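The values are calculated or read from the model by the stated rules, or taken from the named source; none is laboratory data. Here the structure is a predicted model, which means the values were calculated and not measured. Neighbour counts run over all protein chains shown; Cβ positions are idealised from the backbone, glycine included. Accessible surface is based on the protein model in full, side chains and every heavy atom, while ligands, DNA and RNA are left aside. Shrake-Rupley method; radii C 1.70, N 1.55, O 1.52, S 1.80 Å.
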Amino acid sequence: MPPTTFVALLLGLSVVCSLAAPPNFIVVYTDDHGWPDIGSAGIYDDLETPHLDTLAKSGVRATNGYSTAPQCVPSRAGLLAGRAQNRFGVESNAETLEGFDAQKTIAERLKEVGYATGQIGKWHLGPANAIPTHGFDDVYAKNANRPCFANFTLAGKSIEMQTIDDPLYHLDACSQAALAFIRRHADQPFFLYLAYRAPHVPLDAPEKYLSRFPGEMPERRRQALAMISAMDDGIGLITKELKSRGLAENTLIFFIGDNGAPLKIQKLDAPGGGPGWDGSLNEPMNGEKGMLTEGGLRVPYLVSWPGTIPGNQTYDHPVTSLDVAATAAALAGIPDPSMLDGVNLVPYLTGEKTGAPHQLLTWRWIAQSAAREGKWKFLKGGQREYLFDLDADPSEQTNLLSQFPEVANRLRSQLTSWADHLQPPGLTTKEMSGTWERYYDFYLDKKPIEIAESKAAEAGGWTARNASLQQTNQNLVVTPDSTPGSPFLTNSKIKFQNAFQVQLRAQIPTNGKVRVGWRLSHEKAFEKGNLVSVPVVGSEQFQEVVLDVPAIGEIVHVRIHLPEATARIETITLGNAKHTRDWSFAPSR
């Protein structure tokens with residue numbers, strides 16, 4: 001064989017191998033991020049997202065991109081499993097994760113065919129130090145300004161899984177960890193799941209980002225804009241790194257939100273940056289996090305693969321976060337795609353296939369269920385039913401149920417057939433709570449509801465959340481408002497060392513639990529494990545409720561959660577052998 005022919009053959013083989021190389025995948029997952037809160041949506045002009053706008057121009061903005069649930073845990077379980085999370089029992093944040101633990105994640109599937117896999121940021125699917133058991137080689141589980149579990153450093157060095165601390169703002173640390181991961185695995189196919197905890201509360205943007213948004217606006221909006229801007233900076237660093245390493249055209253990037261923003265109806269600009277509205281917006285979509293309306297489910301959704309997916313596209317057919325795993329599996333050559341519920345989107349986004357990727361999308365979340373077929377959406381919330389034409393009415397303002405009963409019946413039947421195969425089966429798993437009844441009253445039935453006071457009342461250092469507070473000449477009255485979640489009293493002026501006891505004398509008219517949460521001096525937020533509870537039997541009589549708090553360390557903040565009913569409190573006592581504090585709201589006996 002002549003030398004020139006041999007060289008030409010080698011070059012040809014090199015080109016073929018290069019073309020056959022499987023793509024890298026980066027999935028950026030944001031947290032409580034409203035559908036219109038990226039600049040390319042063209043809804044709000046107060047955003048600064050130049051790098052996300054560039055990402056959208058390089059590929060596709062899916063205008064009808066959906067999450068699988070209006071809440072963090074189930075949406076993340078569905079995304080990573082590539083299957084509707086209701087199939088394996090992860091209905092909501094409150095459910096056990098045994099079903100998820102039994103799933104093979106897309107990370108595990110990709111790892112089996114030679115991919116390096118990485119998880120960065122928020123996990124929320126069990127212990128962070130167990131993330132490698134779900135298929136992730138590299139872990140940097142940073143979701144707050146505190147130490148995190150990791151098995152590599154920001155300098156790219158491998159370490160044993162351990163808690164490590166870094167001096168960076170948590171969103172910046174996640175971006176730097178993403179760069180370190182790319183550098184560690186630039187010479188092999190990789191899958192990176194980058195889950196920023198933003199703009200989810202607690203709102204904690206540093207001045208570096210807040211200063212980008214001067215002028216008058218709600219402070220919570222400023223915080224959300226700043227946190228989104230921090231993520232945007234990260235996207236800019238990641239795309240720059242990919243280009244510098246010649247990986248841009250071999251990397252498929254998804255940017256998706258996990259659910260809509262929590263507005264708490266009134267978008268209260270409460271100080272402190274803790275529970276409540278996170279400053280993000282869903283309008284013009286109706287509703288919010290915790291609802292199967294468009295405001296709860298429709299999310300930012302970008303797809304970019306330069307050189308393969310044509311840029312400057314807006315794609316209007318409905319797509320879902322379940323399509324991420326199906327797309328990755330198809331492109332990586334993973335067998336048995338029937339185990340996944342999504343669709344490979346690439347042929348649709350390149351124009352190879354026409355029509356809609358999905359004929360029907362279905363959802364169930366506790367007492368709500370929904371189905372979308374083309375322009376039609378059927379929604380069931382408790383005993384209420386709605387039918388919307390989303391082409392003509394994307395804000396879900398006009399219920400067409402009575403005008404098109406045949407459409408509603410067809411979608412209800414399809415939804416029922418799907419729900420019969422869930423775990424557990426059925427269109428609902430529980431009855432509709434009073435909170436969500438009020439939300440449906442407000443958003444869908446346009447009924448006036450009582451809006452909470454703009455500022456929380458305070459009594460003796462105790463502040464009410466998810467409730468109004470009134471101190472009478474008899475006792476302290478805690479009345480739940482329309483905000484989702486149990487009402488609770490909070491006091492950040494506490495100082496106790498180690499275990500203590502909480503004694504409450506209160507009238508609690510409904511069955512339920514009283515729970516006490518605590519935060520230690522070195523903790524930036526309430527840890528999930530720092531919670532104890534005791535059942536109470538509803539009564540019109542005052543009763544004593546006692547809880548032992550097994551804390552170790554200096555306690556600086558306490559929350560007392562109450563059942564969802566108006567409670568009257570006479571006394572609160574916190575104490576141990578060394579220290580006791582009493583609050584009395586009743587007249588002397």
**Prompt:** When the Karplus curve 6.51 cos²θ - 1.76 cosθ + 1.60 is applied with θ = phi - 60°, which whole-Hz ³J(HN,Hα) does each residue of the stretch 34-50 get, with x for Gly and Pro?
**Reply:** x, 3, x, 8, 9, x, 5, 5, x, 9, 10, 9, 8, 7, 10, 10, x
**Request:** First select every other residue whose beta carbon is under 15 angstrom from the beta carbon of LEU242; then total the charges, Lys and Arg +1, Asp and Glu -1.
**Result:** +2
**Request:** Report the full-extension gain for the segment ASP393 to THR153: residue separation times 0.36 nm, less the Cα-Cα distance, to one decimal in nm.
**Result:** 81.5 nm
**Item:** 14 Å reach of a label modelled at PHE542, 7 Å along Cα-to-Cβ, counting backbone N of the stretch 490-514
**Value:** 504-508
**Request:** Tell me the Kirkwood hydrodynamic radius of the stretch 321-360 in angstroms, computed as one over the mean inverse distance between distinct C-alpha pairs.
**Result:** 10.4 Å
**Request:** Using the structure shown, list the pairs from LYS111/LYS377; LYS377/LYS447; LYS157/LYS240 with a Cα-Cα distance above 30 Å, or answer none.
**Result:** LYS111/LYS377
**Message:** Ignoring solvent entirely, what values of log10 I(q)/I(0) come out of the Debye formula for the stretch 18-60 at 0.21, 0.23, 0.34 Å⁻¹ when each Cα is a single scatterer?
**Reply:** -0.79, -0.89, -1.25
**Request:** For the stretch 269-414, report the accessible area per residue in Å² (1.4 Å probe, heavy atoms, rounded to an integer).
**Result:** 36 Å²
**Message:** Once you compute Rg and the Kirkwood Rh from C-alpha atoms, what is the Rg to Rh ratio for the stretch 355-399?
**Reply:** 0.99
**Message:** How charged is the neighbourhood of GLU431? Take every other residue with its Cβ under 15 Å from the Cβ of GLU431, and add Lys/Arg as +1 and Asp/Glu as -1.
**Reply:** +2
**Prompt:** Using the heavy atoms of the protein chains alone and a 1.4 angstrom probe, what is the accessible area of the stretch 532-580 per residue in square angstrom?
**Reply:** 48 Å²
**Item:** Principal axis dimensions, the chain - Cα atoms, whole angstrom, descending
**Value:** 108, 61, 49
**Descending semi-axes in Å of the stretch 37-115, equivalent ellipsoid built from Cα gyration tensor** = 31, 18, 9
**Fill in**
Rounded to two decimals, the Rg over Rh value of the stretch 163-301 from Cα coordinates and the Kirkwood Rh reads 1.01
**Fill in**
Other residues with Cβ under 13 Å from the Cβ of ASN344 give, with Lys and Arg +1 and Asp and Glu -1, a net charge of -2
**Message:** Going by amide H atoms built from the backbone, whose H comes under 5 Å of the H on THR49, apart from near neighbours?
**Reply:** GLY39
**Item:** Spin-label pair LEU237/THR314, simplified geometry with 7 Å Cα→Cβ offset, distance in nm
**Value:** 3.2 nm
**Request:** For GLU406 and ASP336, calculate 0.36 nm times their separation in residues minus their Cα-Cα distance, and state this gained length in nm to one decimal.
**Result:** 21.5 nm
**Asked** Which cross-chain or sequence-distant (5 or more) residues have an amide H under 5 Å from the amide H of ALA84, H modelled 1.01 Å from N in plane?
**Response** ASP341
**Message:** Quick one: 3J(HN,Hα) in Hz for the stretch 514-522, Karplus 6.51/-1.76/1.60 with θ = phi - 60°, rounded, Gly and Pro as x.
**Reply:** 9, 10, 10, x, 9, 10, 8, 4, 8
**Message:** Checking the a/c ratio against 1.5 first, then a/b against b/c, what shape does the Cα gyration tensor give for the stretch 221-330?
**Reply:** oblate
**Prompt:** What part of the accessible area of the chain, given as a whole %, is carbon or sulfur when the probe is 1.4 angstrom?
**Reply:** 52 percent
**Fill in**
In order over the stretch 271-276: 3J(HN,Hα) from phi, Karplus 6.51/-1.76/1.60, θ = phi - 60°, whole Hz, x for each Gly or Pro, gives x, x, x, x, x, x
